[in-house]
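For reference, the structure is listed below as structure tokens.
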Amino acid sequence: MKKNPSRNTYLKKSPSKLLETINSSIEVDYRMYNEDIEASIAHAKMLAKQKIINKNEEKKIVNGLKLILHNINDGKVSLKKELEDIHMNIESMLFKKIGKTAGKLHTARSRNDQVVTDFKLWIRNNSINLDKLLKNLQKILITIAKKNTAVVMPGYTHLQVAQPISLAHQCLAYVEMTGRDRSRLADCIKRLNECPLGSAALAGTSFPIDRNFTSKLLKFSKPTINALDSVSDRDFAVEFLFVLSLICIHLSRMAEEIILWSNQQFNFINLPEELATGSSIMPQKKNPDGAELVRGRASSVISNLNALLIILKGLPLAYSKDLQDDKKIVFSTFDDVCLALEVMTEMWTKITFNAKIMAEAVSNSNSTATDFANWLVQNLKFSFREAFQLTGKIVAYADKNNKKLHQLTLKELQKFNQNINLNAKKTFSVDESLKNKKSFGGTSPQSVKQTIKYAIKKYL
Ligand code: ARG
């Protein structure tokens with residue numbers, strides 16, 4: 001038996017050092033050892049059930065694989081670069097443990113279906129933790145929302161103050177974004193959950209295998225349909241990377257707001273010191289590095305999505321070695337996104353809010369002009385366009401006289417229309433404005449409390 005069981009006897013020379021270096025993926029794919037062993041055990045059980053190997057051989061193989069799993073878990077093995085990847089490392093360990101019976105395990109399969117099965121299992125297993133991290137983020141955002149249904153802050157469009165909203169309303173927007181991330185992840189896993197094992201190299205096999213059996217053992221919903229497609233398909237990895245990218249885009253948008261809000265001109269929040277850094281020269285600095293790094297990290301995550309798309313773009317069916325890089329890309333992206341999620345969750349847990357400053361920012365910015373226009377429609381039978389035009393004139397008048405809308409007297413307002421009364425003036429109040437946004441999904445404390453109930457039921 002050659003050192004590397006996958007090196008066929010047709011090739012007389014050993015691979016050069018350089019080929020060995022570029023070809024070896026063990027430093028990356030060792031992370032799939034659990035999945036590789038699980039899939040191999042399922043395969044061996046199926047081979048025995050189908051009488052392709054006998055019961056005794058099955059037992060030897062399964063026990064040997066279980067022992068290898070323990071040894072790897074206990075850190076008792078050294079993985080070898082010259083054995084290329086995790087699949088060949090495990091097969092070679094099996095030879096050492098049980099002798100030549102190990103050679104029967106690779107009946108009716110190829111590394112092509114083996115690797116794609118392991119990879120799917122790895123993504124499926126790790127998506128559970130990813131979902132947990134997303135849920136934790138939602139949990140803290142909902143906690144903040146619960147405490148802040150009546151705390152007002154400016155809502156922006158074009159980053160210009162638009163209308164008053166509550167801090168809860170803002171947090172619940174993030175909860176929805178994260179909720180869609182979770183459902184996208186679930187969709188991706190659902191579509192991925194078909195078992196490629198038994199597709200062999202690309203053409204299927206002449207052994208009488210039972211692919212439904214292996215699929216069931218590995219908790220896939222069914223076997224994949226076409227062997228050629230099964231070993232070439234990396235759509236699931238692209239989709240997973242897209243899910244990760246969108247999560248990171250959402251985190252990046254949150255991070256951007258945290259960066260803005262912590263800026264001295266906003267001063268809406270106090271950054272936790274544990275998530276800020278100082279400067280090496282300016283003693284007064286407290287920089288939002290945690291958030292900046294999350295925002296920055298989104299760039300490599302998006303590039304990784306592109307990287308896999310570019311790998312696939314020119315590949316003919318079926319397997320080509322270019323595909324080996326898929327795991328490096330997915331694993332590092334996954335790690336980055338998990339870290340970013342944890343950082344943002346800690347950030348939200350420790351941030352404190354300057355409610356007074358946020359409230360001042362709303363009341364100093366004529367953010368209730370729309371509420372006044374709505375009053376004209378509801379009380380003086382204006383069409384919305386007429387009300388909008390008249391209110392615009394009033395805002396211009398206030399600006400010219402260095403006043404804010406709420407500082408205008410009734411007399412001044414009545415110059416624009418005799419029927420404007422004290423009730424109209426009330427619409428300039430920020431709290432009134434908030435209270436009145438009672439529509440479904442709106443920012444009134446009443447609506448927001450409903451949204452919180454809905455979010456708890458749906459997500460937690
Ligand atoms: N390490 C390889 C990968 O990750 C395993 C598949 C090898 N298949 C082959 N035909 N050489 O893609």
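The values are calculated or read from the model by the stated rules, or taken from the named source; none is laboratory data. Everything numeric in this text was worked out from a predicted model, so none of it was measured. Here the Cβ is made from the backbone with ideal geometry for all residues, glycine too, and neighbour counts use every protein chain on show.
Structure values in brief
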quantity: All positions within region 312-323 that are part of a helix (DSSP H, G or I), surrounded by fewer than 19 Cβ atoms within 10 Å (Cβ to Cβ) and in contact with a helix residue (DSSP H, G or I) (Cβ under 9 Å, 6 or more places away or on another chain); calculated: LEU312, LYS321, ASP322
quantity: Extreme residue, surrounded by the fewest Cβ atoms within 10 Å (Cβ to Cβ), among residues of region 149-159 that are touching a strand residue (DSSP E or B) at 6+ places or on another chain (Cβ under 9 Å) and over 16 Å from TRP348 (Cβ atoms); calculated: THR157
quantity: In region 79-107, the residues that are on the phi > 0 side of the Ramachandran plot and crowded, with 20+ Cβ neighbours inside 10 Å; calculated: GLU84
quantity: Residue check for ILE310: more than 16 Å from the ligand (Cβ to nearest atom) and either at pLDDT 95 or above or touching a Pro at 6+ places or on another chain (Cβ under 7 Å) (or both); calculated: yes
quantity: Residues (under 23 Å from ASP322 (Cα atoms), among the hydrophobic types (A, V, I, L, M, F, W, C) and touching a residue at least 40 places away in the same chain (Cβ under 8 Å)) located in region 2-38; calculated: ILE26, VAL28, MET32
quantity: Of residues in region 361-377 being surrounded by fewer than 19 Cβ atoms within 10 Å (Cβ to Cβ) and touching a helix residue (DSSP H, G or I) at 6+ places or on another chain (Cβ under 9 Å), the one nearest to ASP131 (Cα to Cα); calculated: THR370
quantity: Within region 313-344, tally of residues that are hydroxyl-bearing (Ser, Thr, Tyr) and near the ligand (Cβ under 9 Å from one of its atoms); calculated: 2
quantity: Pairs with Cβ under 6 Å, 6+ apart, first in region 309-331 and closer than 22 Å to LEU130 by Cα, second assigned to a loop (DSSP other than H, G, I, E, B); calculated: ASP326/ARG234
quantity: Single match in MET358, MET344 (criterion: farther than 30 Å from ASP131 by Cβ and outside any strand (DSSP E or B)); calculated: MET358
quantity: Exclusive hit being crowded, with 24+ Cβ neighbours inside 10 Å and under 28 Å from THR352 (Cβ atoms), set PRO196, PRO164; calculated: PRO164
quantity: Region 411-425, residues that are over 19 Å from SER363 (Cβ atoms) and surrounded by 10 or more Cβ atoms within 10 Å (Cβ to Cβ); calculated: GLN414, LYS415, PHE416, ASN417, ASN419, ILE420, ASN421
quantity: Scan of region 239-292 for residues that are β-branched (Val, Ile, Thr), assigned to a helix (DSSP H, G or I) and over 14 Å from MET347 (Cβ atoms), ordered by number; calculated: VAL243, ILE247, ILE249
quantity: Scan of region 82-117 for residues that are among the polar types (S, T, N, Q) and within 9 Å of the ligand (Cβ to nearest atom), ordered by number; calculated: SER110, ASN112, GLN114
quantity: Selection status of ASN354, among the polar types (S, T, N, Q) and under 30 Å from the mean Cα position of the chain (by Cα); calculated: yes
quantity: Filtered residue count, region 192-244, keeping only those that are charged (D, E, K, R) and more than 30 Å from LEU341 (Cα to Cα); calculated: 5
quantity: Checking GLN114 against (1) out of contact with any His (no Cβ under 6 Å at 6 or more places or on another chain); (2) closer than 30 Å to SER16 by Cα; (3) of a type outside the set (D, E, K, R), the condition it does not meet; calculated: (1)
